[in-house]
Amino acid sequence: MELTLKSARRFIDEIPAPLAVVGVWGGELSEEGQKLDGKHRKALTHTMHELHFKGEFGETLLIPLATRRSEEEGPGFALLFGLGKKRGVSLETVRRAGARLVQEIARLGFKEAVTETFLAEKFGKQEASYALAEGALLGSYSWNKYKTSSPTSKRGEKLRLWLARASGPAVDRAEMVAEAVNYARDLVNEPPNILTPAELARRAAEMAQELGLGVEIWDERQIQQAGMGAFYGVAQGSANPPRFIQLTYKPQTPASRVIALVGKGLTFDTGGYSLKPSESQITMKSDMAGAAAVLGAMRAVARLQPQVEVRAYIAAAENMISGTAYRVSDVLTSLSGKTIEILNTDAEGRLTLADAITYADRQGAEAIVELSTLTGACVVALGEKVAGLFANDARWGREVQEAAERAGEKVWPLPMEEEYLEALKSTTADLKNTHGRSRAGGAITAALFLGEFTEKPLVHLDIAGPAYTEKSHALGPAGGTGFGVRTLVELLGV
Ligand code: BES
Ligand code: ZN
Ligand code: ZN
């Protein structure tokens, strides 16, 4: 669905839309609804009570209003939209309402509507406008690039939604951020035969060019020459060569600080010789969701122009099997100089990330945030909705956690327990890439491994759970979720 948002100063009668949306909160018309003129208010309350409409969250009721003869006479229909109980509402309620609302309006077949800005009295005009607009834009996302016919999306293909008494700047900002999230979703949803490491790099460069970001892409030869032996080891089995992607955003005036974003960019993860069962491979095109989140964030950053310098690093590769692929027991020399014994070729993400983190550190990052679909163990620990947050620096960890809270993305801290580092000591090399047969604490040992490659403040977000979903969710359809983009945008203080 193609959604256009407009902020409007006024509500119902002044907007020439055929449909007007009024919230029902705690079983009663919203404050905005109470302010409607007598004729409308009576019609709505009467029908509501007559039909026992309770206004559970997402519940809707379409009510025809007195026959309208022309556009000037206002809407022909009102849609009551349930916001649920008074207790426990949050900005997430508003965000989800936005998503649910656009889907419902499209389902009813309207091309244009006006809605009140839900809960603006409670949360403030700016915050409520932002959440509603963001939810609407995320909820209108669809992925049908490879469908040669899509009969279901014919109805309501285009929708213009007026947000009454919304804050214009808040809606503008929501547009930029949601566009960035949807861009990340597109990248994740792209099939792996199309989105190879080279194609990911091409798209990153294209975006950089379009938005005025600095860009440098290395090919396999440059990656090898730079000494990125851990990254290259993972990549060497694929016919699709790796790329090292670097993007830079510099503010106009001197930057307050330099932050590096690192994203895991495995365009497909078969597991390599430690092959994944075919069922586990089904979602593995999403193993570049960290990279997608970083690119999405750079997109928003380029537009929002914050005061921080932001550098993005992505080691893009494919984890495949062939005569040139790396094997169990190989020893790789990372960019840091540390040697790594391979115990499991499916623990490939940490190898690519080790070199990207070392490089980000050497280039002068003051603090690093790294996002990766790193471990199944993190999904076991926190489920599919919550990302694991690991920090080697409590302050930096809190800063990222608070950004995620503001953004409405769920993260939860897990410990980088030093005692478990013992499990990563190798008898042959400096480190081994997994702790062998035991699966205990797998998300933690993965984080500890990454922590061996920088002394700078590092936050590792394990997004293996929330990055991808096989079912539709409150803010979008099945597929890539764009998780992480909103947290990064909040973090960078834009
Ligand atoms: N890409 C996977 C992690 C993953 C699993 C992401 C499920 C999303 C959903 C990663 O490369 C991997 O395979 N990790 C292994 C590590 C193990 C071999 C130590 C895992 O989690 O099993
Ligand atoms: Zn793997
Ligand atoms: Zn992986």
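Annotations
- Boolean, ALA440 is part of a loop (DSSP other than H, G, I, E, B) and either in contact with a strand residue (DSSP E or B) (Cβ under 6 Å, 6 or more places away or on another chain) or not hydroxyl-bearing (Ser, Thr, Tyr) (or both): yes
- Filtered residues of the stretch 449-472 (kept if among the hydrophobic types (A, V, I, L, M, F, W, C), touching a Phe, Trp or Tyr at 6+ places or on another chain (Cβ under 6 Å) and more than 16 Å from ligand 2 (Cβ to nearest atom)): VAL459
Residue-by-condition table, conditions (1) closer than 22 Å to ASN240 by Cβ; (2) within 16 Å of ligand 1 (Cβ to nearest atom):
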position: ALA291; (1), (2): yes, yes
position: VAL301; (1), (2): no, no
position: GLU318; (1), (2): yes, yes
position: LEU332; (1), (2): yes, yes
position: THR345; (1), (2): yes, yes
position: TYR359; (1), (2): yes, no
position: VAL369; (1), (2): no, no
position: LEU374; (1), (2): yes, yes
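- The one condition in (1) closer than 22 Å to GLY376 by Cβ; (2) acidic (Asp, Glu); (3) surrounded by fewer than 22 Cβ atoms within 10 Å (Cβ to Cβ) that GLU455 fails to fulfil: (1)
Residues are listed down the side, and each one gets a yes or a no for (1) of a type in the set (A, V, I, L, M, F, W, C); (2) at negative phi; (3) surrounded by fewer than 19 Cβ atoms within 10 Å (Cβ to Cβ); (4) at pLDDT 95 or above:
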position: ASP330; (1), (2), (3), (4): no, yes, yes, yes
position: ARG362; (1), (2), (3), (4): no, yes, yes, yes
position: ALA365; (1), (2), (3), (4): yes, yes, no, yes
position: SER372; (1), (2), (3), (4): no, yes, no, yes
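- Among the residues here, GLN305 does not qualify as modelled with pLDDT of 95 or more, surrounded by fewer than 18 Cβ atoms within 10 Å (Cβ to Cβ) and within 16 Å of ligand 2 (Cβ to nearest atom).
- Picking from residues in the stretch 366-384 that are part of a loop (DSSP other than H, G, I, E, B) and over 21 Å from ALA394 (Cα atoms), the one that is farthest from ligand 3 (Cβ to nearest atom) is GLY383.
- Residue match in the stretch 377-391 (condition: buried (at least 21 other Cβ atoms within 10 Å of the Cβ), away from ligand 2 (no atom under 16 Å from the Cβ) and farther than 30 Å from SER256 by Cβ): yes
- ALA166 falls short on exactly one of the conditions (1) within 18 Å of the chain's Cα centre (by Cα); (2) part of a loop (DSSP other than H, G, I, E, B), and that condition is (1).
- Subset tally (residues that are touching a strand residue (DSSP E or B) at 6+ places or on another chain (Cβ under 8 Å) and either within 13 Å of ALA230 (Cα to Cα) or of a type in the set (Lys, Arg) (or both)) for the stretch 289-341: 15
- The one condition in (1) within 13 Å of ligand 3 (Cβ to nearest atom); (2) farther than 24 Å from ALA180 by Cβ that ALA316 fails to fulfil: (2)
- Number of positions in the stretch 471-494 that are within 17 Å of ALA292 (Cβ to Cβ), polar (S, T, N, Q) and in a loop (DSSP other than H, G, I, E, B): 1
- Summed over the stretch 343-361, the residues that are near ligand 2 (Cβ under 9 Å from one of its atoms) and in contact with a Ser or Thr (Cβ under 6 Å, 6 or more places away or on another chain) give a count of 5.
- Subset of the stretch 332-365 (residues that are among the small types (Gly, Ala, Ser) and not in a helix (DSSP H, G or I)): SER334, SER336, GLY337, ALA347, GLY364, ALA365
- Sole residue being within 17 Å of ARG350 (Cα to Cα), in contact with a Ser or Thr (Cβ under 8 Å, 6 or more places away or on another chain) and surrounded by fewer than 20 Cβ atoms within 10 Å (Cβ to Cβ), chosen from ALA429, ALA478, ALA443: ALA429
- Helices (runs of 4 or more DSSP H) (entirely within the stretch 199-303) containing at least 3 residues that are in contact with a Ser or Thr (Cβ under 6 Å, 6 or more places away or on another chain) and more than 23 Å from PHE483 (Cβ to Cβ): 229-235
- The single residue among ARG257, ARG303 that is away from ligand 3 (no atom under 15 Å from the Cβ), among the basic types (Lys, Arg) and out of contact with any helix residue (DSSP H, G or I) (no Cβ under 6 Å at 6 or more places or on another chain) turns out to be ARG257.
- The requirement of being surrounded by 15 or more Cβ atoms within 10 Å (Cβ to Cβ) and touching a residue at least 60 places away in the same chain (Cβ under 8 Å) is fulfilled nowhere in the stretch 214-222; no residue meets it.
- With respect to the conditions (1) of a type in the set (Val, Ile, Thr); (2) farther than 30 Å from ARG95 by Cβ; (3) touching a Leu at 6+ places or on another chain (Cβ under 9 Å), THR428 falls short on a single one, namely (3).
- Of all the listed residues (ILE259, ILE282, ILE314), the sole one being within 16 Å of ligand 1 (Cβ to nearest atom), crowded, with 22+ Cβ neighbours inside 10 Å and modelled with pLDDT of 95 or more is ILE314.
The values are calculated or read from the model by the stated rules, or taken from the named source; none is laboratory data. Predicted, not measured: the structure shown is a model, and the values here were computed from it. Every residue, glycine as well, gets a Cβ built from its backbone with ideal geometry; the counts of neighbours run over all protein chains shown.
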